[in-house]
Amino acid sequence: MEQLNTEEGVQAAKPQKGDHRIRNTLADFGSNTTAHGFDRLVAADSKIVKFLWMLICCLCWGLFIWQAIVFIEKYYRFEVSYSIFVDFRVLPFPAVTVCNMNPLRASALQNIDYEYKERLAFLGYDDQFEDDVDADEESIFTTTPESESFSEYSAVENYDFDFHQDLNLSMMMSNLPVDVRSATGHQKEDLIQECVFNGITCSSKNFTLVLNPMYGNCYSFNTGANGADILLTSKPGPSTGLQLTLFIEQNEYLNGSTENAGAVVLVHPPDTVPFPEEQGLELPPGFSTSLGVRLSVIERIGGKYSDCIKAGEMPLLYKGYNYSVEACVKTCYQNTLVNDCKCFDTTLPNDKPIPACVNGTKRTRKCMYRMDNKQKTDALGCREKCHQPCSGRSYKETVSMSHWPSYAFDDKLYERLSKRSSKINETLLDHNESRRNLIKLKVFFSELNFESITEKPAFDSVDLLSNLGGLMGLYIGASVISLFEFLEFVGKVCCLIKTKWNVSDEADERVQMG
């Protein structure tokens, strides 16, 4: 009986000894740690004082942990802020693309091959060829609402005749060979009668051809094509910008097809695809139009902070151009047509050996129309996929206009232009014809101050560490070294608890064996 009592005493004493060592470790940590509050808790003689210091320590540590979690969550939201500053320096001049609003010259259509005339006969430029077209030909690209047209596949009751006529013309034009399209459109030697940049005479030779599905031949200035240097501007104002005299040849307009008379201009970065049909400004004849532009540059962070797309990161069908949202959307739409309808839209680039949708079967054309409807409502998700570029430039335009040419200047202008072109000599016979066919365009920097917008992390790792350090100093009076002291203390306590339970298990085994 005495031996049993002795063993029970040993078994009870060993856990007590372990508890004593844990208390000593806790007291030692509280007395020597660099964190504030624990030493006061250990040194307090009164239980009330100990309770108060324990309450204070728990409160401060609770506030520290709560606000630390808030800052950590803020860091992982990856929010951005914007820094905006205005800079002043010599600027690269933007690219300028001009188009005649009439896509095809009526006189040029008479000289193309018969098969191409047959495709364009619906324009009505020649009744002979219009009558030759098979009225029963299976095509949705006609302009008569009674025939098989887009309205057959549309759930919309109000059929927009003018809209589909323009769309038909764009698709038929784009289905023609490149040389035929360029030959039947307005030529740059006719459209661009005068050109002056920075006070130096230029010419139509400084413009490169850009085929557009809506406007036919468009011409771009300062795109850096063929290795040419991008032009610079050191002063604001019209005298150092681009000045053009445009001749639109209204006598060549297509009857019943070209609704507006004039030109379209688009100011854009030299390395991006121009889309004047979507982003251009219309220029009426008989006016001098001034476009004062101001540059805006934006740099986005990318990565985990935004979904911006870097140059070359997303392949485009528009070769030789940098990324832009519109080029990406059109590439996405064309790829969807190729994959789902097994045909391609002739108004967009294509690099796959498949037939054009306009020349396909009824099922293929119906599929294209269905995809076009989805694209208009973004049901294809192209807008969602095509994020903003990480580095981009845009131009804000201020437009002003005045009647041009004046009666007092008309004779001098005619004398000057008639020496350049026989068409001018035959067409501009009076002031009214000058007003009907001539446009003056001025594109220039209104000021060389440009706005630069740069994204930066609203709360980065440095901010996180700074705020956590401030919280530690404010609430618990600790430092990074204090954290290591706390980890050391936790390690010691874990070891003592493990030792205590091992000793307790060994004692239980001896009792069972006894």
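Tabulated data for the structure shown
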| read-out | value |
| --- | --- |
| Tally, over the stretch 305-353, of residues that are more than 15 Å from the chain's Cα centre (by Cα) and assigned to a loop (DSSP other than H, G, I, E, B) | 16 |
| Filter result (crowded, with 18+ Cβ neighbours inside 10 Å and either among the acidic types (Asp, Glu) or at positive phi (or both)) within the stretch 303-347 | ASP345 |
| Top-ranked residue of the stretch 408-457 - restricted to ones that are small (Gly, Ala, Ser) and more than 27 Å from ARG105 (Cβ to Cβ), ranked as modelled with the lowest pLDDT | SER452 |
| Residue among SER239, SER257 that alone is in a loop (DSSP other than H, G, I, E, B) and polar (S, T, N, Q) | SER257 |
| Pair list, Cβ < 7 Å and 6+ apart or interchain, from the stretch 179-190 residues that are of a type in the set (Val, Ile, Thr) to residues that are in a loop (DSSP other than H, G, I, E, B) | VAL180/ILE112; THR184/LEU104; THR184/ARG105; THR184/ILE112 |
| Selection from the stretch 299-348 of residues that are β-branched (Val, Ile, Thr), free of Cβ contacts under 8 Å to residues at least 40 places away in the same chain and touching a strand residue (DSSP E or B) at 6+ places or on another chain (Cβ under 8 Å) | VAL338 |
| Counted residues, the stretch 173-203 - those being more than 19 Å from PRO276 (Cα to Cα), in contact with a helix residue (DSSP H, G or I) (Cβ under 8 Å, 6 or more places away or on another chain) and assigned to a helix (DSSP H, G or I) | 5 |
| Subset tally (residues that are crowded, with 19+ Cβ neighbours inside 10 Å, assigned to a strand (DSSP E or B) and not hydrophobic (A, V, I, L, M, F, W, C)) for the stretch 280-289 | 2 |
| Failed item in (1) aliphatic (A, V, I, L, M); (2) at pLDDT below 90; (3) over 40 Å from the mean Cα position of the chain (by Cα), with ILE140 passing the rest | (3) |
| Selected residue (criterion: surrounded by the fewest Cβ atoms within 10 Å (Cβ to Cβ)) from residues of the stretch 458-514 that are modelled with pLDDT under 75 and of a type in the set (Gly, Ala, Ser) | GLY514 |
| Sole exception among (1) modelled with pLDDT under 75; (2) among the aliphatic types (A, V, I, L, M); (3) assigned by TED's automatic domain parsing to the domain that holds VAL178 for LEU26, by number | (3) |
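Okay, residues lined up against (1) out of contact with any Cys (no Cβ under 6 Å at 6 or more places or on another chain); (2) under 30 Å from GLN279 (Cβ atoms); (3) part of a strand (DSSP E or B); (4) assigned by TED's automatic domain parsing to the domain that holds GLU194:
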residue	(1), (2), (3), (4)
SER402	yes, yes, yes, yes
PRO405	yes, yes, no, yes
ARG416	yes, no, no, yes
LEU441	yes, yes, yes, yes
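The values are calculated or read from the model by the stated rules, or taken from the named source; none is laboratory data. Everything numeric in this text was worked out from a predicted model, so none of it was measured. A quick note on method: Cβ atoms are made from the backbone with ideal geometry, for glycine too, and the neighbour counts reach across all protein chains shown.
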